[in-house]
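> Could you have a look at this structure, given as structure tokens, before my questions?
The values are calculated or read from the model by the stated rules, or taken from the named source; none is laboratory data. All figures in this text were calculated on a predicted structure; none of them were measured in a lab. Backbone-built Cβ (ideal geometry, glycine too); neighbour counts: all protein chains shown.
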Amino acid sequence: MEYAVRGKVVIEADKLARSGKSIIYTNIGNPHSVGQSPLTWPRQVLSLVDLPPSAGVDHPDVLKLYPSDAVSRARELQSMMGGSGTGAYSHSQGVLGIRQDVADFCASRDGVPCDPDLIFLTNGASAGISHVLQTCVSGEDDGVMIPIPQYPIYSATLALLGGRQVGYALDEGNGWEANVSSMERSLQEAKDAGVNVRAFVLINPGNPTGQVLSKEAVGEVVKFCAKHGLVLLADEVYQENVYCEGKAFTSCKKAAADMGLLGEVEIASFHSTSKGIFGECGRRGGYMELTGFDKEVFGQIYKLASSGLCSGLPGQVMTSLMVKGPPSDGESFSSFEREKGEIFGSLKRRAQMVADGLNAIPGFTCNAAEGAMYVFPRVTMPPGAAAAAAAEGTNVDTMYALSLLRETGICVVPAAGFGQEEGRSGFRTTFLPPEETMEEAVRMFKTHHEGFVEKYK
Ligand SMILES: Cc1ncc(COP(=O)(O)O)c(C=O)c1O
């Protein structure tokens, strides 16, 4: 199993950092690790929920330190936990009241009813993804369709489970759109090779590719899964990270409902506190909603969740706060909205600046980051690079990323770690470090590339 976002280049970066070199980590979508501040109100509520009541919500001076809407929300969350607090296990699917918050959020986002009994609160999206893949893959003939390029949790988990990865290409020349004819072709080839294709992964907005699919394009994927009886894993962790004017996030569930396909296709959708504006990766919060699943299958997934007892309670609390902010007439509403707006505005500027900056480097082509937190440029390598990489026993992308790291201190992930079409080269970078750092990084990408081209011409 390989996990490129924490792979060879990152291990080398950590080694260099320990020896005193200054490193700009752009390898992983981990906003707080590169300077993003936590939102104040969710942390206030979380701290109050965690504190014993006598030192928190019931302390006589609590309103001198905390806004009243943080105190009232903390009380509400504590009562949802039945007085047992964040130190006790919860129900295997998570605290019911928090699942109700998630269900209300999904229902209002999609205009489609949502049942809290079909929600699982999970340790990040990762845990939910792992449960569903485990359920789908029981042997080496079982396959799952994943986008190429993809986020490595899919290839890694499939490798671990001994299942087959069935790639479908995203169209780089067409803004990384998912194309139904290429999906049909990949599925047929896999079936011809004896693979029992069970499931399909859609990452929207995309990672590493940053595209935001139209409602029609999401609908095409839902139809494809319904037609072929595939479980649809809807990875929607970047649903709040949409920067491109005229583009909007559409959930797979909404697309299914609008086409009258709700209940006709099994959809497992995932969301997380790690991304969006919260960026609370270390909290390990998230949820999974199961729509259209057979009762027996649901029971198996329930058993998998139960075998882990429950997800972490602070992550469950953060998930509640992500889907339900302070009340609009509350003391914290305007500061919460201001903080969110500042983070979002800065992400949007960085998305544009980094894509424009990379496109201005001769030899680079980079699609816009319409959403998510990454750009995935295609880099034209000089003619001598392939032979030099082969002599070092590695691939060109990794050699390039290591050279970039050693010369500039920027830690990116080689594109090969996500999968890409034969002959393509490049890397993935986040645009999460502060704006001035990213501007400097773009200048260093250029200087390094010029030197690399000269060296291997
Ligand atoms: C597309 C995608 N899915 C899932 C995850 C897992 O996130 P987490 O487990 O922190 O929610 C990530 C993390 O970067 C991601 O990019």
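> Would you check which residues across the stretch 201-230 are touching a residue at least 40 places away in the same chain (Cβ under 8 Å), over 13 Å from residue 183 (Cα atoms) and more than 19 Å from the chain's Cα centre (by Cα) and list them?
Selection gives 215, 219.
> Something else now. Is it fair to say residue 151 is crowded, with 23+ Cβ neighbours inside 10 Å, hydroxyl-bearing (Ser, Thr, Tyr) and touching a residue at least 60 places away in the same chain (Cβ under 8 Å)?
Yes.
> Between 309, 233, 290, which is more than 29 Å from residue 431 (Cβ to Cβ), touching a strand residue (DSSP E or B) at 6+ places or on another chain (Cβ under 9 Å), in the same structural domain as residue 136 (by TED's automatic domain parsing) and not in a helix (DSSP H, G or I)?
290
> While we're here: Being buried (at least 18 other Cβ atoms within 10 Å of the Cβ) and of a type in the set (Val, Ile, Thr) is the filter; apply it to the stretch 344-384 and report the residue that is farthest from residue 437 (Cα to Cα).
Checking each candidate, the answer is 379.
> Only residues that are charged (D, E, K, R) and away from the ligand (no atom under 16 Å from the Cβ): list them for the stretch 216-246, please.
If the condition is that a residue be charged (D, E, K, R) and away from the ligand (no atom under 16 Å from the Cβ), then 216, 220, 223, 227, 245 are the ones that fit.
> Looking at the stretch 28-85 only, could you name the residues that are of a type in the set (Ser, Thr, Tyr) and either touching a strand residue (DSSP E or B) at 6+ places or on another chain (Cβ under 9 Å) or in a loop (DSSP other than H, G, I, E, B) (or both)?
Selection gives 33, 37, 66, 84.
> Out of all the residues in the stretch 361-385, which are part of a strand (DSSP E or B) and more than 16 Å from the ligand (Cβ to nearest atom)? Walk me through how you get there before you give the answer.
Keep residues of the stretch 361-385 that are part of a strand (DSSP E or B), which gives 364-365, 371, 374-375, 378-379.
Within the stretch 361-385, 364, 365, 378, 379 qualify.
> Oh, and also: Considering only the stretch 422-443, how many residues are in a loop (DSSP other than H, G, I, E, B) and either in contact with a helix residue (DSSP H, G or I) (Cβ under 8 Å, 6 or more places away or on another chain) or within 14 Å of residue 379 (Cβ to Cβ) (or both)?
Residues meeting the conditions: 7.
> Out of 435, 392, 439, 421, which single residue is surrounded by fewer than 17 Cβ atoms within 10 Å (Cβ to Cβ), at pLDDT below 95, under 18 Å from residue 8 (Cβ atoms) and of a type in the set (D, E, K, R)?
Exactly one of 435, 392, 439, 421 is surrounded by fewer than 17 Cβ atoms within 10 Å (Cβ to Cβ), at pLDDT below 95, under 18 Å from residue 8 (Cβ atoms) and of a type in the set (D, E, K, R), namely 392.
> Now for a different question. Only one of 132, 137 is farther than 29 Å from residue 79 by Cβ, within 13 Å of the ligand (Cβ to nearest atom) and in contact (Cβ under 8 Å) with a residue 40 or more places away in the chain; which?
Testing whether each residue is farther than 29 Å from residue 79 by Cβ, within 13 Å of the ligand (Cβ to nearest atom) and in contact (Cβ under 8 Å) with a residue 40 or more places away in the chain leaves just 132.
> Quickly run through the stretch 92-129 and pick out the residues that are within 16 Å of the ligand (Cβ to nearest atom) and on the phi > 0 side of the Ramachandran plot.
94, 124
> Kindly indicate whether residue 179 is free of Cβ contacts under 8 Å to residues at least 12 places away in the same chain, surrounded by 15 or more Cβ atoms within 10 Å (Cβ to Cβ), over 19 Å from the mean Cα position of the chain (by Cα) and not assigned by TED's automatic domain parsing to the domain that holds residue 420.
Yes.
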